[in-house]
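The values are calculated or read from the model by the stated rules, or taken from the named source; none is laboratory data. Predicted model, so just to flag it, every value in this text is computed and none were measured. When we count neighbours, we look across all protein chains shown, and the Cβ atoms used for this are built from the backbone with ideal geometry, even at glycine. Accessible surface is based on the protein model in full, side chains and every heavy atom, while ligands, DNA and RNA are left aside. Shrake-Rupley method; radii C 1.70, N 1.55, O 1.52, S 1.80 Å.
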Amino acid sequence: AEIFTYDPGFMATASCHSAITYIDGEAGVLLYRGYPIEQLATKASFLEVAYLLLYGELPDERQLLAFEEAMARHSMINENLKGFLGGFHYDAHPMAILVGVVGSLSAFYHDSLDINDPQHREASALRLIAQVPTIAAAAYKHNVGEPIVYPRNALRYCANFLHMMFATPCADYKPGLIAEKALNLLFILHADHEQNASTSTVRLAGSSGANPFACIAAGIASLWGPAHGGANEAVLDMLEQIGDVSNVPKYLDKAKDKDDSFRLMGFGHRVYKHYDPRAKIIREVCHQVLEELADSNNPLFELALRLEEIALSDEYFVERKLYPNVDFYSGIIYRALGIPRNMFTVMFAIARTVGWVSHWMEMMADPNNRIGRPRQIYCGPTHRDYLPISQR
Ligand code: CMC
C-alpha cells in the first residue's frame, strides 16, 4: 500500500511557493512583500498596501491614482443584487449574507469564468476588492432595516465604507479622520497572513479552476469560524462574560481545564510563538483611538489589558507560548467606531479579500499549480460482503 505522511492541520506541509507575506513566528516578524508591518501600518494607506500585495511593489503616484480610480469605478454592486439581499431574513448574520452574495457575483460577471485570461483575472480581483465593502455595508443595512447607501466616488476607501455604513437617505454622514485612520490601520493589519485556513481554502478551491468569486466565498466561509476570524466577535462576548477583573482567575482556570471547552479567545496562534506583532500595534493605538473618540476609560479595554497581564504571568500560557493575537484588541476599536459586533468578522473579511485575491492571482500565474488533493490514512473496515437486509 502507498504510505503517506500524516499531518493533521498541515503543521509541517508547505503547499506552495509564495512571494507575498513572510512570517517568522519565533521572532514575531511579519512582512508584506518584504516591508515590515509596523512601517506599513503607520505610514501607508490601505489601498497602497492592497496594490503592494496584489502587484508586488508599492505604487508610484500615477499607479496609486489609477488604482484608486479603479476601486471607485468598480464599487457599485449590480442593482439586481438588492433583490437577492432582500431575500435574507432580517436578522441573518452578515457573514452568512457575505458568503452568499459574494458567491453570486460570478452570475453577474461571466468573464470571471474565463480564468485562463490574465486580464479577466485582474478584473475579477479589482471587482472583489472594490465590491466586498459595498456588500458588507449593504448586509448591515439589511440587518438594521435601512435602505442601502450607494458608494461615493469622491471618498477614500475607508471613508467610503463608513459612509455606506452610517449615512441614511435623510442624513449625511461625515466620516471623522480618526475613525478613517483607525479603520485604515486595522485593514492593513488584516490584509494578509500567508497560508492561514481561509487563504488555503481559497487556493484549494481555486486549484480546480473554479471562478474567483466562488473561491473568495469559500474563503469567507472558512474565516467565519471562531478559531479563525470569528475570534474578534468571540473576544468581546468573552470580555463581557468575564465582566470584572476579579473574575479573571476563574476564567483562566476554565481555559486551562482540558475538560472544559472554554478557550481564551484572542489568545494563541498556530505560527506565532511570540507576541503577534499585529496585536502589539493594535494595543498601542487602542489607547490613542479610544481617547480621541472620547471613549477612554473604556472598561472592556481595561479588562483586556489586565487579562493579558494576568495570563502572561501564568505558567500554562507561558509554557505554551500563548500570546494575544490580532483578534484580541481589534474588536474593542471596532466597537468604539460604532461597528456592531456581528460585523467584526465581516470587517476582517473586507481587509482579507486583498490577501485572498493576491494569493489566487499568484497561484493562477504559477506554472506549478496543480489541483490540491490531500491523501488520507484510511482507518475504516477492510473488505466485507454485502448482506441482505433480513440478515443484518
Ligand atoms: N486558550 C487556552 N488554551 C489554549 C488556547 C487558548 N486560546 N490556544 C491554545 N491553547 C492550548 C491548547 O489547549 C494546547 O494545549 P495542550 O498542548 O496542553 O493540549 C496548546 O495550547 C496548543 O494549542 P493547539 O490548539 O494545538 O494550537 P493550534 O495551533 O492548533 O491552534 C488557535 C491555534 C489559534 C486555533 C488556538 O490557539 C485557539 O483556538 N485560539 C483561540 C481562538 C483565536 O483567538 N483565534 C484567532 C487566531 S489569530 C487570527 C485569525 O486567524 O483569525
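Directionally averaged projected area (the stretch 94-151, Cα convex hull): 4.1 nm².
Net charge of the neighbourhood of residue 268, taken over other residues with C-beta under 10 Å away and scored Lys/Arg +1, Asp/Glu -1, is +4. Taking 272, 173, 150 in turn, the Gaussian network model of the chain (Cα-Cα springs below 10 Å) assigns the largest fluctuation to 173. For an R0 of 56 angstrom, estimate the FRET efficiency from the Cβ-Cβ distance between residue 172 and residue 2 and round to the nearest 0.05. Computed FRET efficiency for residue 172 and residue 2: 0.30. With both labels modelled 7 Å from their Cα along Cα-to-Cβ, the residue 57 to residue 392 distance reads 6.5 nm. Would you be so kind as to identify which of 322, 337, 349 lies farthest towards the positive end of the dipole of the stretch 273-391, taking Lys and Arg as +1 and Asp and Glu as -1 on Cβ and the Cα centre as origin? Toward the positive end, the furthest listed residue is 349.
Cα-based radius of gyration for the stretch 106-231, normalised by 2.2 N^0.38 Å, reads 1.17.
Segment residue 66..residue 12, full-extension length gain: 15.4 nm, with 0.36 nm per residue of separation and the alpha-carbon distance subtracted.
In a Gaussian network model over the chain where Cα atoms closer than 10 Å are linked, find which of 27, 159, 130 has the largest mean-square fluctuation. Top of the fluctuation ranking is 27.
When a 1.4 Å probe is rolled over the protein heavy atoms, the share of accessible surface on the stretch 267-392 that falls to carbon and sulfur comes to 50 percent.
Distance between the pseudo-spin-label points of residue 245 and residue 22 (7 Å out from Cα toward the beta carbon): 4.1 nm.
Relative to one another, the C-alpha centroids of the stretch 223-280 and the stretch 314-392 are positioned 17 Å apart. With a Cα cut-off of under 26 Å and a minimum spacing of 8 residues unless on different chains, the lysine pairs in the chain number 22. The largest accessible area among 109, 32 belongs to the first residue in 109, 32, and the rest follow in falling order (1.4 Å probe, all chains). The figure for residue 120 is an accessible area of roughly 60 square angstrom, using a 1.4 Å probe on the protein chains alone.
What does the accessible area per residue of the chain come to in Å², with a 1.4 Å probe and no ligands, DNA or RNA counted? Accessible surface, normalised per residue, equals 49 Å².
Distance between the modelled labels on residue 306 and residue 318, one decimal in nanometres: 2.2 nm (7 Å Cα→Cβ projection). For the chain, a simple Cβ point-charge model (Lys and Arg +1, Asp and Glu -1, everything else neutral) yields a dipole of about 740 debye relative to the Cα centre. Taking every C-alpha pair closer than 8 Å and separated by at least 6 residues, the mean separation divided by the residue count of the stretch 75-233 gives a relative contact order of 28 percent. Over the chain, the pair-distance histogram of Cα-Cα distances with 10 Å bins from zero comes to 5, 22, 31, 25, 12, 4, 1, 0 percent, rounded to whole numbers.
Protection proxy ranking, highest mean first, for peptides 97-105, 40-48: 97-105, 40-48, where packing is the per-residue count of other beta-carbon atoms within 10 Å, averaged. Where the alpha-carbon atoms of the stretch 159-304 are placed on the principal axes, they occupy 53, 48, 29 Å, in descending order. Just check the stretch 50-115 against the gyration tensor rule for me: Cα atoms, a ≥ b ≥ c as the square roots of the eigenvalues, rounded for a/c under 1.5, and otherwise prolate or oblate depending on whether a/b exceeds b/c. Prolate, since a/c reaches 1.5 and a/b exceeds b/c. Short-range pairs are left out: with C-alpha atoms under 8 Å and at least six residues apart, the relative contact order of the chain is 23 percent. Could you work out the percent of alpha carbon pairs in the stretch 1-109 separated by over 19 Å, rounded to a whole number? In whole percent, the share of Cα-Cα pairs in the stretch 1-109 beyond 19 Å is 68.
Take 340-350, 261-271 and order them by the average number of nearby Cβ atoms within 10 Å per residue, most first; the result is 340-350, 261-271.
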